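Participant: Next up is a structure, given as structure tokens.
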Amino acid sequence: GGGSQSSGGLTLEKGTLTVGMEIGYPPMEYYADDGKTPIGFDVSMAKALAAKMGLKVKFVDTAWDGIFAGVDTSKYDCIMSSVTITDARKAAHNFTKPYVGNAMALVLLKNSAIKAKNPSELVGLGVAYQEETTADFYMTDLAAKGLRFTPYEYDKVMYCFDELKLGRVDAIVTDSLVAVDYVAPADSPFEIVWQGPADEVFGICLKKGNDALTAELDKALDALFADGTMLKISKEIFGGVDMVSAARN
Amino acid sequence: MSMVKTVGINKSFGQLKVLKDVSLTVEQKEVVCIIGPSGAGKSTYLRSLNKLEQIDDGQIYIEDKLLFDCKDGVNHVKMPAAERNKSLLEVGMVFQRFNLFPHKTVLENVMLAPVHVRKYPDGEAKQKAKTLIHRVGLADKLDSYPSQLSGGQQQRVAIARALAMEPRIMLFDEPTSALDPELVGEVLTVMKGLANDGMTMLVVTHEMGFAREAADRVVFMCDGSILEIASPSEIFSNPRNDRTRQFLQSVL
Amino acid sequence: MSMVKTVGINKSFGQLKVLKDVSLTVEQKEVVCIIGPSGAGKSTYLRSLNKLEQIDDGQIYIEDKLLFDCKDGVNHVKMPAAERNKSLLEVGMVFQRFNLFPHKTVLENVMLAPVHVRKYPDGEAKQKAKTLIHRVGLADKLDSYPSQLSGGQQQRVAIARALAMEPRIMLFDEPTSALDPELVGEVLTVMKGLANDGMTMLVVTHEMGFAREAADRVVFMCDGSILEIASPSEIFSNPRNDRTRQFLQSVL
Amino acid sequence: MDTLQKILSWVPPLLGGARVTIGLTLLAVSAGVILSLFLALGKMSKYKWVNKFCSAYIFFFRGTPLLMQLYFIYYALPLMLPVFIIRTGDQFFDRFIPAFIAFALNSAAYCAEIIRAAIQSIDKGQFEASRALGLSYPLTMSLVVVPQAIRRLIPPIGNEFIMVLKDASLVSMIALVDITKATRNIEGSTRSALVYIPAMILYLIITAVFTFAFHKLEKKYSVYE
Amino acid sequence: MDTLQKILSWVPPLLGGARVTIGLTLLAVSAGVILSLFLALGKMSKYKWVNKFCSAYIFFFRGTPLLMQLYFIYYALPLMLPVFIIRTGDQFFDRFIPAFIAFALNSAAYCAEIIRAAIQSIDKGQFEASRALGLSYPLTMSLVVVPQAIRRLIPPIGNEFIMVLKDASLVSMIALVDITKATRNIEGSTRSALVYIPAMILYLIITAVFTFAFHKLEKKYSVYE
Ligand SMILES: Nc1ncnc2c1ncn2[C@@H]1O[C@H](COP(=O)(O)OP(=O)(O)OP(=O)(O)O)[C@@H](O)[C@H]1O
Ligand SMILES: Nc1ncnc2c1ncn2[C@@H]1O[C@H](COP(=O)(O)OP(=O)(O)OP(=O)(O)O)[C@@H](O)[C@H]1O
Ligand SMILES: NC(=O)CC[C@H](N)C(=O)O
Ligand SMILES: [Mg+2]
Ligand SMILES: [Mg+2]
């Protein structure tokens, strides 16, 4: 594409877009059944973006704890890992425009005895979430406002769901895009009982001040929206549902 | 009645034949010394009397009672284990390296077996232990731990400990060879006292002076066989066997 | 010229005074035996001649050269370390527990110091080592490891190893007391040979037979002091000091 | 001054974590020692199958990472076989108990080898003297061997204790708030790594205190030496 | 049949993880042993400050959890002091090298105690005989003490090696794909815990092979015993 010449010099490794992601966040980024091939929404998007920019793409699996430090210390060009755009993060990092819509979600077991209809009714309960994520911030915020619950923090979101299934926590707070994937199977033991406002949109995160590459990525992203690629990826991943368009409104 | 009688004992460790047809009878109140070079099988013989080693072939009688009649390592004497063990209690043993229980005081060392094996009441066992410790000259060391005693003192405690079980025969396996030369005397004195009091004793030793003075008979063992049995005066002044003569020359 | 001369040596371990004003002179070609009870300080004295122990007070001369003149643990003889070490090479030592290097063969044990300390060329050191090993009767054990030898053989290797440094005086610290009685003879024979060849020797021993036969003078030490020095015949037949008499009675 | 105040405010959560770290360690090593007694005797047993089972147990738990054992016991096993789901009605214990089980099973394997070595280090002469005095095997063990082995056990068991104390940091993976997890929580909220300093000091203090305690204990059991 | 095929498909990623596990262990223990030589000699040194520094180093690394040391070296230190940022131009090495550093520094502390114990276990008589023969301290060390110590080092260093092999599972926390991380990846994508079984077996095989190798090595160095 047209950006190929201009983008080449902007990346850490010439000709390659190095993408940091916490692989293990289905359906956004996770490993295929072989345990080593990254797949998912962000993976497809990254490939399409790189193709648009005339770059090769390389994925770097990173623990979520430390993923921002990684981009700060230039271990990769950008993070495409379901990063929710927040004010605090914006102050410390560059972001592209949002690319997918998302909300905070509360997940319980089906037929749960727990009657909470939203997170502020989780008083006295054990709540699982992934550490250092927006779910963590959301619950920490509620705690600061006086909600008394027991937090259970995990380094991978999959353990939150394991824990709920085993009955060792009462509820999970997580991104709705993840939650829908876990409740989708017919025999899923989980259900989503609440979704917050749909303003928890995801963007690509870059090192503060890396404006040139941010601009290039935004340009390529716009192009993918324009040519329908984003919609196609969304429908593929989310069973025919369009989760992307709302992020652009 | 003989105290200990062995007939045709054989014993191998793997390929190595350590005892070859060893027959010996020790009469009551007799003191028999076994001498011989290192590796002769002296310790193995002594230990087999006490079931510390399992013999391959041969018979062992204690006080005329047949306890072992072995063929290819299998004992053919049918007898309840408890009964055999009871007979074996007639045999006391003193080791080269004392083998006192380091975590017990002198008194506890001597009392332990009478209380737990003979089931003597505590008070009685204690009284008897004290008497025995007194007899070996350590009345002032009742509450010492073995590590606080000299080698000679430890060996005397070991003798008292063995005597506390009221054995009818005492086996000694080089009881003085781990001792400083100065300390050998005190242990030999105790042993001579025992002999004088009529204890039956079978003593492996390198102390030719003791053998000469205290033994009724001296046995010379070499390469797993008994080569000569004689009175001390005979064996020391006029050994019949060449190997005996050679050995005595090297150690005297 | 005397080989070793010590004047007023004192040495303490903490509160324990182990050597008290020990003065002794060993002339060239003289064989001096030190006897005495355990804890007398015999080993400590021997080791202080070799800098294995640091004396507190007193003087040590080797071949009339003053190497140590100590006061309160400080040596006041100013001399390059290399020079002192060179003089100390005149003193060879044989230990009770042999202390051979277990990872080296017999030949390597004997060659090691000549090659690395005296810087002898390999070939020459090897030739000399072989001669010495032959002399102690182990020509067929050149490539054996110490663990493959009997105690007596090991001690003979240790003697050859010490001799390989061509010392002018040899110290022996109970060279036979870790040995089985049968093996004592072979070591004493080698030592007697050395004495006959004119080696100056200072020997701590419990072997009264050796002292009687080989020593020019016998020193009796007790509680850190020299109590008696006399010829063997004198000291064994007619000890002047009570403590000497008592000691000799207990060991003879 | 401000920094000091900040650090002081971290002390209560760190101490809360220390309770979990120390509690888990004490319980797991205690249970491990008891279990290991059977394993050690089993591995020295003449019954072939007892012997094989104990050897396999020890080989397995010493041959795989504790982290993996923890994941397996905490997640995999209950997910595969629901009988292994532990429900106490208290979410803290729902995770503390599996962690305790994993650590105790693991520690048992290490302690078993320690106990075996200690028993085998007892001079053969002690067994022979006991035999010569007519003591039965159980009497020999209980009156002569075990009392002597205990003193030799204290240093290596103390070592194992310190090992488990540090390995307890793994429970942060299953959302138990030990010292390490408390540290990372504070690190996350303050966005500063300063908290590592008091946390490491806390670990060092705990290690030192327990090392000292085991040293005292060893001394106490060495009167006779 | 299908299950078998599935399990077989996990073998390549698990073996890939094994390369990281084994590579990290080999490098870290080798570096640790070299470093530990200085620490051990330092701790036996008569220079007070050298001695104190080495003791403090050993106390610190043995007294705090490896997981915390890893977090500290990988996350906290570079954030506080940018000089500690390691950039190689290769993502794998960017995390492998800090992990290697953490493991080597940690292992050095343990190996130092092993080496010290081995040297101190050499019979005092060996030093005395060397002295009596006129050997200087360096000659005594290099010709007499170290060659003997080496054989005694092999079993405990082998043990330490196996320990590090298992501790290497901690690198899954910094997203280095060792065996444990590969296992967790497969667990995540298959949503089944079956993968733990081949993973544990792989660990056991590796442990067994290295145990055997160290055993052989020990034998080779014991000709003279
Ligand atoms: N448990 C054992 N296994 C294998 N060989 C043994 C065992 N016990 C003894 N032997 C061997 O049996 C032989 C006889 O040993 P024994 O101890 O009976 O000799 P000894 O006459 O008592 O010698 P010493 O004077 O050295 O005590 C020796 O060659 C010894 O190495
Ligand atoms: N390094 C040391 N530290 C403390 N005390 C020591 C040391 N070496 C020896 N002693 C003590 O010094 C005294 C003399 O010891 P030394 O070894 O010289 O005696 P010895 O005459 O050689 O006795 P033995 O016949 O037992 O060898 C003893 O009481 C001993 O315990
Ligand atoms: N990969 C993730 O775990 C993202 C979680 C969440 N969307 C956040 O940004 O904090
Ligand atoms: Mg014997
Ligand atoms: Mg001495």
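The values are calculated or read from the model by the stated rules, or taken from the named source; none is laboratory data. All values reported here derive from a predicted model rather than from experimental measurement. Here Cβ is always computed from backbone atoms with ideal geometry, including for glycine, and neighbour counts include all displayed protein chains. Areas reflect the complete protein model, heavy atoms only, side chains present, ligands, DNA and RNA absent. Shrake-Rupley method; radii C 1.70, N 1.55, O 1.52, S 1.80 Å.
Participant: Please report, in debye to the nearest 20, how large the charge dipole of chain C is about its Cα centre when each Lys and Arg carries +1 at its beta carbon and each Asp and Glu carries -1 there.
Facilitator: Details: 31 positive and 31 negative charges, 90 e Å.
In total the dipole reaches around 440 debye.
Participant: Moving on to the next point. Answer with one residue from D:Y196, D:S45, D:L170: the one whose Cα lies farthest towards the positive end of the charge dipole of chain D, charges on Cβ with Lys, Arg +1 and Asp, Glu -1.
Facilitator: D:S45
Participant: How are the alpha carbon pair distances in the stretch C:37-93 distributed across 5 Å bins from zero to the largest one, expressed in percent?
Facilitator: Taking every Cα pair in the stretch C:37-93, the percentages come to 4, 18, 29, 27, 14, 5, 2, 1.
Participant: How large is the dipole of the stretch E:145-225 about the Cα centre if only Lys and Arg carry +1 and Asp and Glu carry -1, each at its Cβ, rounded to the nearest 20 debye? Before the final figure, lay out each step's value.
Facilitator: On the way: 9 positive and 6 negative charges, 24 e Å.
Taking the Cα centre of the stretch E:145-225 as origin, the dipole is about 120 debye.
Participant: With a Förster radius of 51 Å, plug the Cβ-Cβ distance of E:L26 and B:R243 into 1/(1 + (r/R0)^6) and report the FRET value to the nearest 0.05.
Facilitator: On the way: r = 60 Å, r/R0 = 1.17.
Approximately 0.30, to the nearest 0.05.
Participant: Something else about it: Loop only per DSSP, at most 15 neighbouring Cβ atoms within 10 Å: give me the trypsin sites (Lys or Arg not before Pro) in the stretch D:66-154, ordered by residue number. Present the calculation step by step, with values, prior to reporting the outcome.
Facilitator: Numbers: sites: D:R87, D:R95, D:R116, D:K124, D:R131, D:R151, D:R152; in loops: D:R87.
Listed in order of number, the matching sites are D:R87.
Participant: While we're here: With all protein chains present and a 1.4 Å probe, how do C:H116, C:H103 order by accessible area, largest first? Display every interim value, and only then the final one.
Facilitator: Working: C:H116 65, C:H103 25 Å².
Of C:H116, C:H103, the descending order of accessible area is C:H116, C:H103.
Participant: Moving on. Out of residues 5 or more away from A:T62 or on other chains, whose amide H comes under 5 Å of its own, with H placed 1.01 Å from N in the peptide plane?
Facilitator: For A:T62, whose amide H was placed from the backbone, the distant partners under 5 Å are A:M21, A:E22, A:I23.
Participant: So, one more: For the stretch D:3-222, what % of the accessible area comes from carbon and sulfur atoms, probe 1.4 Å? Can you show the working numbers first?
Facilitator: On the way: 6750 of 9520 Å².
Whole-percent figure for carbon plus sulfur exposure: 71.
Participant: While we're here: What's the magnitude of the charge dipole for the stretch E:3-222 around its Cα centre, counting Lys and Arg as +1 and Asp and Glu as -1 at the beta-carbon? Answer in Debye, nearest 20. Could the numbers behind the result be given before it?
Facilitator: On the way: 21 positive and 10 negative charges, 63 e Å.
Dipole size: approximately 300 debye.
Participant: Using protein chains only and a probe of 1.4 angstrom, how many square angstrom of C:R245 are accessible, to the nearest 10?
Facilitator: 100
Participant: Continuing with this model, one more query. Just to confirm my numbers, what's the Cα centroid distance between the stretch B:39-56 and the stretch D:20-48 in Å?
Facilitator: Cα centroid of the stretch B:39-56 versus Cα centroid of the stretch D:20-48: 38 Å apart.
Participant: With a cut-off of 8 Å between alpha carbons and a minimum separation of six or more residues, what is the relative contact order of chain C in percent? Show your work: numbers first, answer last.
Facilitator: Details: 471 pairs, mean separation 64.3, N = 252.
Taking the mean separation of contacting Cα pairs over the length of chain C, I get 26 percent.
Participant: A further question follows. Mind listing the long-range amide H neighbours of C:C222? Cut-off is under 5 Å, sequence gap 5 or more, other chains count too, H placed in the peptide plane at 1.01 Å from N.
Facilitator: The answer is C:L227.
Participant: What is the count of Lys pairs in the stretch C:71-206 whose alpha carbons sit under 27 Å apart, if the two are 8 or more places apart or on different chains?
Facilitator: 23
Participant: What are the ³J(HN,Hα) values, in whole Hz, obtained from phi via the Karplus relation 6.51 cos²θ - 1.76 cosθ + 1.60 with θ = phi - 60°, for each residue of the stretch A:235-249 in sequence order, with x given for Gly and Pro?
Facilitator: 5, 5, 7, 9, x, x, 8, 8, 9, 9, 4, 4, 5, 9, 9
Participant: At a Förster radius of 60 Å, what calculated FRET efficiency corresponds to the Cβ-Cβ distance of E:V146 and B:K119, to the nearest 0.05?
Facilitator: On the way: r = 57 Å, r/R0 = 0.95.
So, using R0 = 60 Å, E works out to roughly 0.55.
Participant: Right, something else. Count, for each residue of D:187-196, the Cβ atoms from other chains sitting within 10 Å of its Cβ, then give me the mean as a whole number.
Facilitator: Working: counts 7, 7, 4, 0, 4, 3, 9, 2, 1, 9.
Mean inter-chain Cβ contacts per residue within 10 Å come to 5.
Participant: Taking a ≥ b ≥ c as the square roots of the Cα gyration tensor eigenvalues, with a/c under 1.5 meaning rounded and otherwise prolate when a/b beats b/c, else oblate, which class fits chain E?
Facilitator: Numbers: a/c = 3.27, a/b = 1.62, b/c = 2.02.
In terms of gyration-tensor shape, oblate.
Participant: Can I ask one more? Return the lysines within reach of A:K36: Cα separation strictly under 18 angstrom, same-chain partners fewer than 8 residues apart disregarded; answer none if there are no such residues.
Facilitator: A:K47, A:K58, A:K156, E:K6, E:K181
Participant: Another question, if that's okay. Quick one: which residues, 5 or more positions from C:E27 or on another chain, have an amide H under 5 Å from its amide H? H modelled 1.01 Å from N in the peptide plane, none for Pro or chain starts.
Facilitator: C:M3
Participant: With a 1.4 Å probe and all protein chains in place, put A:S188, C:S225 in order of accessible area, largest first.
Facilitator: Of A:S188, C:S225, the descending order of accessible area is C:S225, A:S188.
Participant: Which ³J(HN,Hα) values, rounded to whole Hz and listed in residue order, are derived for the stretch C:201-215 from phi using the Karplus coefficients 6.51, -1.76 and 1.60 in 6.51 cos²θ - 1.76 cosθ + 1.60 with θ = phi - 60°, glycine and proline given as x?
Facilitator: Using θ = phi - 60°, the values come out as 9, 10, 10, 8, 8, 9, 7, 5, x, 5, 4, 4, 7, 9, 7 Hz.
Participant: Still on this model: What value in Å³ per residue do you get for the convex hull of the alpha-carbon atoms in the stretch C:2-250? Let's see the in-between values first.
Facilitator: Working: hull volume 31.5 nm³, N = 249.
Convex hull volume per residue, Cα atoms: 127 Å³.
Participant: Taking the Cα centre of the stretch E:3-222 as the origin and placing charges on Cβ (Lys, Arg +1; Asp, Glu -1), which of E:L14, E:L26, E:I119 is farthest toward the positive end of the dipole?
Facilitator: Highest projection toward the positive end goes to E:I119.
Participant: Using the basic label-point model (7 angstrom from Cα toward the beta carbon), what is the E:S121 to A:D222 distance in nanometres?
Facilitator: 7.2
Participant: Something else about it: State, to one decimal in nm and shortest first, how far the label point of C:Q249 sits from each corresponding label point in the other identical copies (label point: 7 angstrom along Cα-to-Cβ).
Facilitator: Between copies, matching label points for C:Q249 lie 3.6 nm apart.
Participant: Run the 1.4 Å probe and let me know the accessible area of D:L35, rounded to the nearest 10 Å².
Facilitator: Result for D:L35: roughly 70 Å² accessible.
Participant: Helix D:48-63 versus the longest principal axis of chain D: what angle, 0 to 90°, nearest 10, using Cα atoms?
Facilitator: Its long axis makes an angle of about 30 degrees.
Participant: Classify the stretch C:1-102: rounded, prolate or oblate, from the alpha-carbon gyration tensor (a ≥ b ≥ c, eigenvalue square roots; a/c under 1.5 rounded; otherwise prolate if a/b is larger than b/c)? Write out the running numbers ahead of the final one.
Facilitator: Working: a/c = 1.29, a/b = 1.06, b/c = 1.21.
Rounded shape, in that the Cα axes give a/c under 1.5.
Participant: Ignoring ligands, DNA and RNA, please state the percent of accessible area on the stretch C:34-160 from carbon and sulfur, probe 1.4 Å. If you can, show how the numbers build up before the last one.
Facilitator: Details: 2490 of 5210 Å².
The computed percentage sits at 48.
Participant: While we're on this one: Taking a ≥ b ≥ c as the square roots of the eigenvalues of the Cα gyration tensor of the stretch B:148-211, is the shape rounded (a/c under 1.5), prolate (a/b larger than b/c) or oblate? Intermediate values should be presented prior to the final figure.
Facilitator: On the way: a/c = 1.86, a/b = 1.24, b/c = 1.50.
In terms of gyration-tensor shape, oblate.
Participant: Sequence neighbours fewer than 8 away in the same chain don't count; with that in mind, list the aspartates and glutamates whose C-alpha is under 18 Å from E:K43.
Facilitator: Cross-link targets: E:E113.
Participant: While we're on this one: Solvent-accessible area of C:R161, probe 1.4 Å, all protein chains present, reported in Å² to the nearest ten, please.
Facilitator: Estimated to the nearest 10 Å², C:R161 gives 10 Å².
Participant: Provide the descending list of Cα extents for the protein assembly as shown along its principal axes, expressed in whole angstroms.
Facilitator: 121, 79, 58
Participant: How large is ³J(HN,Hα) for each residue in the stretch E:160-167, as worked out from phi by the Karplus curve 6.51 cos²θ - 1.76 cosθ + 1.60 (θ = phi - 60°), to whole Hz, x for Gly and Pro?
Facilitator: Listing the rounded values in order: 4, 4, 5, 4, 5, 3, 7, 4 Hz.
Participant: Also, quick follow-up: Per residue of D:40-53, how many C-beta atoms from partner chains lie within 10 Å of its own C-beta, taken as a mean?
Facilitator: Details: counts 0, 0, 0, 0, 0, 0, 0, 0, 0, 0, 0, 0, 0, 0.
The mean count of partner-chain Cβ atoms within 10 Å per residue comes to 0.
Participant: Further question on the same structure: Could you tell me which of B:H134, B:F95, B:S23 has its Cα farthest along the dipole of the stretch B:1-141 towards the positive end, charges placed at Cβ (Lys, Arg +1; Asp, Glu -1), taken about the Cα centre?
Facilitator: My answer, from the dipole projection, is B:H134.
Participant: Please compute, for peptide A:154-166, the average count of beta-carbon atoms on other protein chains lying within 10 Å of each residue's beta-carbon.
Facilitator: Values: counts 4, 8, 4, 1, 6, 9, 1, 1, 8, 7, 0, 4, 12.
Mean inter-chain Cβ contacts per residue within 10 Å come to 5.
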